[in-house]
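Notes for the one structure printed next.
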Amino acid sequence: MIKLIDLLNDFTGRTTAYFYLFAVVISCYEITLRYVFNAPTLWAHEFVIIICAVSYLLSGGYVTKERAHVRITALFEILPRRIQRLLDGFAVLIGLVCVSLLVYASWDQSLMAIEVWEKTGSAWDPPLYGIVKPAITIGAVLVVLANLSLAVKLLRGED
């Protein structure tokens, strides 16, 4: 099960990384149309926001799995290994509690946003909230799963 969680987070993190490349292409397209041809689009800005938001939200599990969140390594690395493991365990526990609460708090909002296909109200009117709110919940679930995987690895003594 742990390998499956890690594979899921690997796949999601590596796949969503390409969303940023797509956002750059769309942004360059918009800049070219706006400043070279004086013909801006209605949709490019909001589309890039959606792409980047979804990528950011869905990459949390991968970042957690890789232990790539911000930490003060200068202090952490001089501590004995036993203390490092305790701090890692504490961080995983806090992460599990906090992000589980985020899943709980965002669940109904996500379902409602999907149900009404919540939109921005702009000229293009994309379903930004109908996409991003569920991505918050899905991303949080991926982080919870990554923390569960890390917890099991810590308990097994794997690094």
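Only the coordinates and a few stated rules stand behind these numbers; no lab work does. Computed from a predicted model, the values in this text were never measured in an experiment. Cβ placement follows ideal geometry from the backbone for every residue including glycine, while neighbour counts extend to all protein chains displayed.
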Whole-angstrom gap from the range 19-39 to the range 55-106, using each part's C-alpha centre | 36
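Would you mind ranking 152, 92, 103 by Cβ crowding within 10 Å, fewest neighbours first?
Numbers: 152 14, 92 22, 103 17.
Ranked by crowding around the Cβ, least crowded first: 152, 103, 92.
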Charge dipole of the range 2-156 built from unit charges on the beta carbon (Lys, Arg +1; Asp, Glu -1), centred at mean Cα; most positive-end Cα among 103, 117, 149 is 149
Treating the beta-carbon of each Lys and Arg as +1 and of each Asp and Glu as -1, no other charges, what is the dipole magnitude of the range 2-156 about its Cα centre, to the nearest 20 debye?
-> 780
Which residue, 42, 75, 101, has the most motion in a Gaussian network model of the chain that connects Cα atoms within less than 10 Å?
-> 75
Counting other beta carbons within 10 Å of each Cβ, put 148, 58, 4 in order, fewest first.
-> 4, 148, 58
28 Å Cα cut-off, lysine pairs counted over the chain (separation 8 or more, or different chains) = 6
Run the numbers on the range 2-156 and let me know its relative contact order in percent, using alpha-carbon pairs under 8 Å that are six or more apart.
-> 32
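Under a point-charge model restricted to the Cβ atoms of Lys and Arg (+1) and Asp and Glu (-1), what is the dipole moment magnitude of the range 25-108 relative to its Cα centre, in debye to the nearest 20? Kindly include the intermediate steps, with their values, before the conclusion.
On the way: 7 positive and 6 negative charges, 94 e Å.
For this selection, approximately 460 debye.
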Dipole check, the range 2-156, charges on Cβ (K,R +1; D,E -1), about Cα centroid: among 129, 5, 15 the Cα furthest to the positive pole belongs to 5
Using only the alpha carbons, work out the radius of gyration and Dmax of the range 2-156 in angstrom.
-> 19.1, 62
